[in-house]
Amino acid sequence: MTYRRFLRAAALLALTTCLPAATAGAQTPDAPHHEVRAVWLTTIGGLDWPSQPATTEAGAERQRQELCRQLDALQRAGFNTVLFQSRIRATTAYPSAIEPWDEVFSGRPGVAPPYDPLAFAIAEAHRRGMELHAWVVAYPAGKVEAVRRLGAKALPRRHPELCRRSGDQWMMDPGAPGTAAYIAGLCAEIVRRYDVDGIHLDYIRYPEKEIPFDDRTTYRRYGRGVPRAAWRRANVTRTVRAVRDSVKSLKPWVRLSCSPVGKHADLPRYSSYGWNARDAVAQDAQAWLQEGLMDMLFPMMYFRGNHFYPFALDWQEAAGGRPVVPGLGTYMLAPGQKDWPLLTLRREMNFLRRIGSAGQAHFRARFVLDNVKGVYGFLANDFYRQPALVPSMTWADSVAPVMAGLSLRAEGHALHLAWPRATDPTPGSGLSYNVYRLAADGRFPEGARLLARALKDTAWSFVPLPPGRHARYAVTAVDRFGNESLPATAALPGAAPALRPVPFVGGRRLALPRADAEYALITDAAGRAVCTLRYDTLVALPPLAPGFYEVRTLNRKGVSHKVARFGTGFPFTNGDAH
């Protein structure tokens, strides 16, 4: 880290940590146009999903509906990337020709559920405009008892030459010659059969010192006089390179990433205290990024204070133009974990955005969805309120599609957009479309509001907020590498008709401040109008889907002001409305 970068980090850290708690929320930096907003969705033991095994179609439907509810909530909170655990412990979340089913899906080791969870998760994530990366746990092969239950299907039984018992569990041996090809073959199977957006490698490293792992025999056989630490790093890198080659030869747009230990190495002024990626577990992640073996990194930075900020800046400095997305210890908010205050996470996220980090990832989904310490509300209503796109892979392909035009049509309160299919100079990768409302000056993307992303159709309809019909709209095309076209724009001439109250069935009552307004306009977290009501200091709400909403005033001239926010269907720490 250069001295100038160090001083900049210190200044930013002081700004972040010296703010009083009462003003911390007001310090959220503006959201960038491109930002990775990821969450790890853990399937091992059903920690995040599924909560119950499925042996019948009815059970499978319960699993599917549970996952849909989680994806709906993540979409409403502004997430655009799901890291879905697909290889668990030498077991899978899909029908593999290489490894057996994990028991979490059917309740029985090696037995299939009545559907394909990975295929379903991909389809539902894409339906909601989110990327899905197949999370592959690399070297761990399962607890001894779990391996015993699998019997002949277990990896240590099928390939004892690749595995080594380590205390109460089995691990693959990175130094064994066949390990790299085996893991690369699993990743190739996923990429070949599924429309994943990425392969995300976890535990692509040697075990921590607390796990007894004796590879002296492997080192004597294959070390060839290379210092053991360098030999170990080369072994792990060999696996990474094999996975990269297998994935990119099939689908070059699939993003390859991993989750290294959160501190790459000791810094000149800050020690890792013996726990870092490069020297403790032979994980040379920054070199992988610089060599082009990785498209992005998700370092596991489940720390705070001086264990977080200097090392976050070190990762950013070594990014070399590729996304580094620090993984945040969102689970540390829970009283059963470290009981962090939400302010700790908010300051870390503010810092990352200020230094230009490519985004954030949250470990793990359950803690976000349970709104621990109000984290879901903070993300949905504040930090992720404005949607964002995943950064493009310009190092792999930088040629954007071309849009031909856009047409608008008003019908009642709705606005209908349609456009011809874009042309793509990189055929075969598939296109999606984004819809924007432009600022008054028409600039793009500055001031443009992203209304919808990752649309597969060439038409989209919505009810705009007043005075939305006087605005100018734009549609762009995006290829699988993330390259976004220049916008096709259009504006609808003429005045918008006044909104009329929508009939509703009375439900919960919501107190509002006094205001000079005729109607109250209820909008969802994405800014879409849900209904209008006669304005009063106490209004009866219609039945609403779980989520977060705004109340805005609305007068006859179409002028609108926000007066309240409220949520339904989630636990809140300070009441339902605020």
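The values are calculated or read from the model by the stated rules, or taken from the named source; none is laboratory data. Owing to the predicted nature of the structure, the values given are computational and were not obtained by experimental measurement. Backbone-built Cβ (ideal geometry, glycine too); neighbour counts: all protein chains shown. We work out accessible area using only protein heavy atoms, side chains counted, and drop any ligands, DNA or RNA first. Shrake-Rupley method; radii C 1.70, N 1.55, O 1.52, S 1.80 Å.
How would the stretch 235-327 be classified by its alpha-carbon gyration tensor: rounded, prolate or oblate, with rounded meaning a/c under 1.5 and the a/b versus b/c comparison settling the rest? Present the calculation step by step, with values, prior to reporting the outcome.
Numbers: a/c = 2.49, a/b = 1.83, b/c = 1.36.
Note, shape of the stretch 235-327 comes out prolate.
For the chain, a crude dipole built from +1 on the beta carbon of Lys and Arg and -1 on the beta carbon of Asp and Glu, taken about the Cα centre, is about 480 debye to the nearest 20. Along the axis of the charge dipole computed for the chain (Cβ charges of +1 for Lys and Arg, -1 for Asp and Glu, origin at the Cα centre), the listed residues Gly274, His126, Pro174 are led at the positive end by Gly274.
Ignoring any ligand, DNA or RNA, what whole percent of the accessible area of the stretch 262-342 comes from carbon and sulfur when the probe is 1.4 angstrom? The partial results should precede the final answer.
Values: 1290 of 2840 Å².
Of all accessible area on the stretch 262-342, carbon and sulfur atoms account for 45 percent.
Each label was represented as a point 7 Å from its Cα along the Cα-to-Cβ direction; for Lys562 and Ala97 these points are 5.3 nm apart. Counting 0.36 nm for each residue step from Arg354 to Glu66 and taking away their Cα separation leaves a gain of 100.1 nm. Of the residues Thr423, Thr43, Thr55, Thr28, the one with the largest accessible area comes first in the ranking Thr55, Thr423, Thr28, Thr43, computed with a 1.4 Å probe on protein heavy atoms. Please work out whether the stretch 145-256 counts as rounded, prolate or oblate from its C-alpha gyration tensor, where a ≥ b ≥ c are the square roots of the eigenvalues and a/c under 1.5 means rounded, while otherwise a/b larger than b/c means prolate and anything else oblate? The shape class here is oblate. The Cβ shell under 14 Å around Leu67 holds other residues with a net charge of 0, Lys and Arg each +1, Asp and Glu each -1. Cross-link partners for Lys251 among the aspartates and glutamates, with Cα-Cα distance under 20 Å and sequence neighbours closer than 8 places in the same chain left out: Glu131, Glu189, Asp195, Asp197, Glu291, Asp295, Asp397, Asp424, Asp479, Glu484.
Placing dummy labels 7 Å off each Cα toward the beta-carbon, the span from Gln52 to Ala540 is 3.5 nm.
Bridging of Lys143 to lysines at a Cα separation below 30 Å is possible for Lys153, Lys209, Lys263, Lys338, once same-chain residues fewer than 8 apart are set aside.
With both labels modelled 7 Å from their Cα along Cα-to-Cβ, the Tyr222 to Glu411 distance reads 6.3 nm. Straightening the chain between Ile44 and Leu486 buys 154.9 nm, computed as 0.36 nm per residue apart minus the Cα-Cα spacing. Rounded to the nearest 10 square angstrom, Ser398 shows an accessible area of 80 square angstrom against a 1.4 Å probe.
Of the residues Cys187, Trp231, Gln386, the one whose Cα sits farthest toward the positive end of the charge dipole of the chain, with +1 on the Cβ of Lys and Arg and -1 on the Cβ of Asp and Glu, is Trp231. Normalised by the number of residues in the chain, the average gap of Cα pairs under 8 Å and 6 or more apart makes the relative contact order 12 percent.
Taking only the C-alpha atoms of the stretch 343-495, the Rg (one decimal) and the largest Cα-Cα distance, Dmax (whole number), read 17.8, 49 Å.
In terms of its C-alpha gyration tensor, the chain comes out prolate, because a/c is 1.5 or above and the ratio a/b outweighs b/c.
Qualifying GluC sites (Glu not before Pro) in the stretch 185-260, where qualification requires a DSSP coil assignment and no more than 10 other C-beta atoms within 10 Å, comprise Glu210. Volume per residue of the convex hull around the Cα atoms, evaluated for the stretch 79-210, comes out as 112 Å³.
Semi-axes of the equivalent ellipsoid of the stretch 17-139 are 33, 15, 14 Å, computed as sqrt(5λ) over the eigenvalues of the C-alpha gyration tensor in descending order. When Trp170, Trp460 are compared by accessible surface with a 1.4 Å probe, the order from highest to lowest is Trp170, Trp460.
Probe of 1.4 angstrom, ligands and nucleic acids ignored: what's the accessible area per residue over the chain, in square angstrom?
Accessible area per residue, the chain: 41 Å².
Could you list the trypsin sites (Lys or Arg not before Pro) in the stretch 404-439 that lie in coil according to DSSP, counting only those with at most 13 other Cβ atoms within 10 Å of their Cβ?
Values: sites: Arg409, Arg421, Arg437; in loops: Arg421.
Here the sparse-neighbourhood loop sites are Arg421.
Surface composition of the stretch 367-451: carbon plus sulfur atoms contribute 53% of the solvent-accessible area (1.4 Å probe, protein chains only, all chains present). If you plug the beta carbon distance of Ala230 and Ser398 into 1/(1 + (r/R0)^6) with R0 = 35 Å, you get a FRET efficiency near 0.50.
Using the beta-carbon distance between Arg108 and Trp275 and R0 = 45 Å, what value does 1/(1 + (r/R0)^6) give for FRET efficiency, to the nearest 0.05?
Values: r = 37 Å, r/R0 = 0.83.
Using R0 = 45 Å, I get an efficiency of 0.75.
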